[in-house]
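Engineer: The structure that follows is given in the form of structure tokens.
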Amino acid sequence: MKINQSFISVIVPCYNEEEVINHTHKRLTAVLSKIKMKCEIIYVSDGSDDKTNSLLEKIHLNDNNGIVKIVFLSRNFGHQIAITAGIDYAKGDAVILIDADLQDPPELIPTMIEKWKEGYRVVYGQRKNRQGESRFKLFTAKYFYKTLTYLSDIHIPEDTGDFRLMDRKVVDVIKSMPEKDRFLRGMVAWLGFNQFALKYDRVERYAGESKYPFWKMVKFSIDAILSFSIKPLRIAMLLGFTSSIVSLGGILYAITKWMIGTPVVGWTLMFIAIMFFSGVQLISLGVIGEYIGRSYSETKNRPLYVIDKKEGFI
């Protein structure tokens, strides 16, 4: 492959981005016009219910260079699935993922391409600073990655998102991984290959609001941890052993007190013990249930997404 004649695909997942999508397209096309390579931009509308779809239609109609392609999903399937849909339709020798909110600057794309030319299979953005985010968001993000690093069987770089460039070889392997509960940055880390961390300052959203409220972030975090580790099951088993040992100690203590003529009286201690061990059991069952639920979801073998229509594809 002659790398100077390569084809670059840029994937932009969109969900209710009416306030920013025109500006995003303007900045993307300005950057891509300077790299002197054949390009395509694949916008994936993830069930947007504002004016995003109509704005994307106008962008496509006004595209004189023929680089804009749009995939409209039939409903909101989620950010990771929208990216997956874009990956499935990308034809580039290198595929770049970037969100529509402009927190990740498109102006870094030429640097990513240069690193790719140097031989890196993956060039991922790693945030030095995160502007416009609350202390709570920064705190939870920090300890999410620390928890994930501790529990996971692979190393997933801290302070990274989905903003990255992937070589076609990496993309083809990703496409062969059919799991339903997807955590793409973890999947890419699992693959290995020669990867480069491109450090940058993440800016505040250009417009709109975050598409990851608290409970959605919690679900995303659970998906990330359970997709790349069985340590929660081992922790549940350890809790079971610990509670059994504590229970045995309590039984021996009660028998000993009875034998010496001073039996244990009162219900407070018993009530606390019952509540504690019931909590341990329910937590353990919940962890096991999460894994069983994911196995059930996989066995149904439903498609990851459903397409309503496409624009710009031949």
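The values are calculated or read from the model by the stated rules, or taken from the named source; none is laboratory data. Note that the coordinates shown come from a computational prediction; the quantities given were computed from them, not determined experimentally. FYI the Cβ positions are ideal-geometry reconstructions off the backbone, even for glycines, and counts take in every protein chain you see. Heavy atoms of the whole protein, side chains included, go into the accessibility calculation; ligands, DNA and RNA do not. Shrake-Rupley method; radii C 1.70, N 1.55, O 1.52, S 1.80 Å.
Engineer: What's the number of the condition Ala90 fails, among (1) among the hydrophobic types (A, V, I, L, M, F, W, C); (2) in contact with a Phe, Trp or Tyr (Cβ under 6 Å, 6 or more places away or on another chain); (3) within 28 Å of Val122 (Cα to Cα)?
Structural biologist: So the condition that Ala90 fails would be (2).
Engineer: Also, quick follow-up: Kindly establish whether Ile109 is modelled with pLDDT of 90 or more, touching a strand residue (DSSP E or B) at 6+ places or on another chain (Cβ under 8 Å) and under 19 Å from Pro157 (Cβ atoms).
Structural biologist: The answer is no for Ile109.
Engineer: Here is a further query. Being at pLDDT 70 or above, of a type in the set (A, V, I, L, M, F, W, C) and loosely packed, with under 10 Cβ neighbours inside 10 Å is the filter here; which residues of the range 254-280 pass it?
Structural biologist: Met259, Ile260
Engineer: Filter the range 151-185 down to residues that are of a type in the set (Gly, Ala, Ser) and part of a loop (DSSP other than H, G, I, E, B) and give me whichever is nearest to Ile98 (Cα to Cα).
Structural biologist: Checking each candidate, the answer is Ser176.
Engineer: Take the residues in the range 166-196 that are small (Gly, Ala, Ser) and surrounded by 13 or more Cβ atoms within 10 Å (Cβ to Cβ); name whichever of them is farthest from Lys115 (Cα to Cα).
Structural biologist: Only one residue tops the list, namely Gly186.
Engineer: Hey, another quick one. Please work out which one of (1) modelled with pLDDT of 70 or more; (2) open to solvent by less than 60 Å² (accessible area, probe 1.4 Å) is the condition Ser297 fails and give its number.
Structural biologist: Unmet for Ser297, out of (1) modelled with pLDDT of 70 or more; (2) open to solvent by less than 60 Å² (accessible area, probe 1.4 Å): (1).
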